[in-house]
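One structure below.
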Amino acid sequence: MTKPRSIATRTGDDGTTSLLYGQRVPKDHFQIEAVGACDELNAAIGVAKASSTHAVRRAELEEIQHDLVALMGEMACAEGDVARYTESKFRKIGAPELARLDAAIAALEAKSLKLDGWATPGANLHAAALDLARTAARRAERRIISLPAQGRTVRSVLQQYINRVSDLLWLMAREAEQ
C-alpha cells in the first residue's frame, strides 16, 4: 500500500519557498509577497463569490479567480526564467482578459449606479465581501508595482489587469448595496 503524499513537505521549515522553476527564496521575498497578496485576493473573491446569489456574478468572479492563478504563476517566476515562462504553455494574462474586465466595468457604469461620496462597506454581506476583495486587490496591486524596483520586470498588462479588478470590485460592491 502506497503512503499518500503529504502537503507538509517540510522544505519550508527553514523559512524558504520555491519560485516557479525551483529557485529557493526567503518566504518574505518580494515576489512571494506579490504572489501572496494575489492569493489573498483570490480567497477574498472566493468569499464574495460564495455570498452572491446571482449566477452571472458568480461566474464573473470565478473567471477573475482563474485569471489570478495565471497571474500568480507569472509573478512566481524568477527574472532569469522569464523567457522560459514566456515560451511555456502556461496560461498568460493578456489583452482579452483586460478587455473582459473593461466590458464588465462599462456594463456596470451604464447602470447609473448611485455613487455618493466615499463608500462605507457593510450594507449587506455580499457588498462587504466585494469591498474586502477590492482592498485585497489594491494591496496586490501595490505589491505588483513594487516588483520592478526589486529587479523583477512586470508586463504592463498585469498592472493594468489588477487595477481593473479593483475598479470592477468597487462597482460590483456599489451595485450589491443597491
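The values are calculated or read from the model by the stated rules, or taken from the named source; none is laboratory data. Note that the coordinates shown come from a computational prediction; the quantities given were computed from them, not determined experimentally. Here the Cβ positions follow ideal geometry from the backbone for every residue, glycine too, while neighbour counts run over all protein chains shown.
Numerical summary
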| item | result |
| --- | --- |
| Residue that is nearest to residue 24 (Cα to Cα) [pool: residues in the stretch 56-80 that are touching a Ser or Thr at 6+ places or on another chain (Cβ under 8 Å) and in contact (Cβ under 8 Å) with a residue 12 or more places away in the chain] | 79 |
| Members of the stretch 128-178 found to be over 18 Å from the mean Cα position of the chain (by Cα) and under 23 Å from residue 109 (Cβ atoms), listed by number | 174, 175, 176, 177, 178 |
| Hey, residue 53 in contact (Cβ under 8 Å) with a residue 60 or more places away in the chain and more than 21 Å from the chain's Cα centre (by Cα) or not | yes |
| Residue check, residue 140 touching a strand residue (DSSP E or B) at 6+ places or on another chain (Cβ under 9 Å), closer than 19 Å to residue 33 by Cα, at pLDDT 95 or above and of a type in the set (Gly, Ala, Ser) | no |
| Inter-residue pairs, beta-carbon under 9 Å, first on the phi > 0 side of the Ramachandran plot and in the stretch 110-138, second among the hydrophobic types (A, V, I, L, M, F, W, C) and assigned to a helix (DSSP H, G or I), 6+ apart | 122/128 |
| Set 31, 65: member being assigned to a helix (DSSP H, G or I), among the polar types (S, T, N, Q) and either buried (at least 19 other Cβ atoms within 10 Å of the Cβ) or touching a Phe, Trp or Tyr at 6+ places or on another chain (Cβ under 9 Å) (or both) | 31 |
| Matching entry among 107, 127, 133, 149 (being at pLDDT 95 or above and more than 27 Å from residue 33 (Cα to Cα)) | 107 |
| The stretch 96-121, residues that are under 18 Å from the mean Cα position of the chain (by Cα) and either among the acidic types (Asp, Glu) or surrounded by 12 or more Cβ atoms within 10 Å (Cβ to Cβ) (or both) | 97, 98, 100, 101, 102, 104, 105 |
| Of the criteria (1) surrounded by 15 or more Cβ atoms within 10 Å (Cβ to Cβ); (2) assigned to a helix (DSSP H, G or I); (3) out of contact with any Pro (no Cβ under 8 Å at 6 or more places or on another chain), which one residue 93 fails | (2) |
| The listed residue being out of contact with any helix residue (DSSP H, G or I) (no Cβ under 6 Å at 6 or more places or on another chain) and closer than 16 Å to residue 158 by Cβ, out of 28, 39 | 39 |
| Where a residue in the stretch 1-28 is under 12 Å from residue 77 (Cα atoms) and its partner, wherever it lies, is of a type in the set (Val, Ile, Thr), with Cβ under 7 Å and at least six apart | 19/25; 24/16; 25/16; 25/17; 25/32 |
| The stretch 140-156, subset of a type in the set (A, V, I, L, M, F, W, C) and surrounded by fewer than 16 Cβ atoms within 10 Å (Cβ to Cβ), residue nearest to residue 67 (Cα to Cα) | 145 |
| Test: residue 137 is crowded, with 19+ Cβ neighbours inside 10 Å and small (Gly, Ala, Ser) | yes |
